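Data block below; observations after.
Only the coordinates and a few stated rules stand behind these numbers; no lab work does. Since the model is a prediction, treat every value here as computed from it, not as a measurement. Here the Cβ is made from the backbone with ideal geometry for all residues, glycine too, and neighbour counts use every protein chain on show.
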Amino acid sequence: MAQYQVTIDGEILQQLFVRDDGLARLVEQVINQILEAQVTEQLKAERYERTEERQGYRNGHRPRLLKTRVGELNLQVPRVRRGSFSTDLFERYQRSEQALLLAMVEMVVNGVSTRKVRAIVEELCGTEFSRSTVSELCKGLDAIVQEWNDRDLSGGRYPFLLVDAIVIRVRKGGRVRLCSVLIATGVNQEGYREILGLMIGDSESENSWKEFFNRLKDRGLTGVDLVVSDEHKGLVKAIETCFQGATWQRCQTHFIRNILDACPKSLERELHQRLRLVFDAPDWETARRLKEELVRDYAERAPRAVEILESGFEDVDDGAPVLRHVGVFAMEGPIGDSPEEDRNKAAGGSMTAQTLPEVAFTPDPGLDPRGRRQPAASTSRRP
């Protein structure tokens, strides 16, 4: 490892904690001295030194503006006649520090808009970047994301599949449009969840979901026994087509959100607590009894909410005989403590992996493809 002797100007040290660009000026002076030391090494001669080992001659400097995390550095890169000079401090034609660029890309990945990234970098580093520059930098992530989204899934089995979509704004053709991002999360046999893939579609249509599911199957997705989702008609039909033989269960959190959206505002918290009692019931008979009591108490005060509860109750609980004994009912894990928390969970669902121990899934022959119990079968849900 090369070692260089650097001399720091006392005035710069005094201004280090006084001026906003004090650190940038210090780094600038150090790097310029290192560049001079490196050109001496490569030419094998000091300035004006006469020696037979000389590999060339200095020919002035060219200015180089380098944007870094500490601010803009005005560097003086040595020029060489009858030879060449190269440095490993930065790439040729590089105008910005790599770490700064990566930090900007990471901000975008975490949801910060390009406009805010520009403002943050300018405030912290005193460096200006246009929004288009930030967008161009993020294009470098496309290949990485595509490789991840096309990875092989045949190495594992995912008995449980959780699917949902979020709506985002995408700039396309010079205009901002709404697009749906279809997302699939698998839970493996060890009980850990893994995002299997995503696809951007124009809408949550049946064809879009079919295309997405077929992509997952082409990548090796097998062994799906139960699919959890909301009750979007196109989604449910696509599940029935692409995962024949698998059980479908309606997501509890989405279901609760649908009920509360149809409930008078004054009754939201009260009804939410009653719904929690229903879905936290220890067995199916208790859940059904609590549901009937809820229907009786709110039939007149919240008729639309009660109608939604009765029409979808079987899809939420009767489709989950296998998951009941491991404590998993909803895509988002346990039900929230408030209506607002349930809405937040439904908007950006995640599943708590710790709630899923290792499960040996055995399909129940008494269930139809939608996960409903056949009339002749027992209604007991507890071993």
Using label points projected 7 Å from each Cα along Cα→Cβ, tell me how many nm separate Arg296 and Val109, to one decimal. 5.6 nm
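Compute the relative contact order of region 10-95 as a whole-number percentage, counting only Cα pairs closer than 8 Å that sit 6 or more residues apart in sequence. Don't jump to the answer; show the numbers that get you there.
Details: 104 pairs, mean separation 22.6, N = 86.
That works out to 26 percent.
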Can you flag which of Lys139/Lys233; Lys67/Lys116; Lys233/Lys291; Lys116/Lys139; Lys233/Lys265; Lys237/Lys265 are past 29 Å Cα-Cα? Lys139/Lys233; Lys237/Lys265
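Suppose R0 equals 35 Å; then what is the FRET efficiency for Glu240 and Val167 from their Cβ-Cβ distance, rounded to the nearest 0.05? Mind showing how you got there, number by number?
Values: r = 24 Å, r/R0 = 0.68.
Computed FRET efficiency for Glu240 and Val167: 0.90.
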Kindly state, to the nearest 0.05, the FRET efficiency for Glu136 paired with Lys265, given R0 = 56 Å and r defined as their beta-carbon distance. 0.75
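Classify region 151-300 as rounded, prolate or oblate, taking a ≥ b ≥ c as the square roots of the eigenvalues of its Cα gyration tensor: rounded when a/c is under 1.5, otherwise prolate if a/b is larger than b/c and oblate if not.
On the way: a/c = 2.58, a/b = 1.44, b/c = 1.79.
Oblate shape, in that a/c is at least 1.5 and b/c is the bigger or equal ratio.
If the chain between Glu41 and Glu211 were fully stretched, how many nm would it gain, using 0.36 nm times the residue separation less the Cα-Cα distance?
Values: separation 170, 0.36 × 170 = 61.20 nm, distance 6.02 nm.
Between Glu41 and Glu211, full extension yields 55.2 nm more.
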Starting from the Cα of Glu49, move 7 Å in the Cα-to-Cβ direction to define the label point; list residues of region 1-42 whose amide nitrogen is under 13 Å from there. 37-42
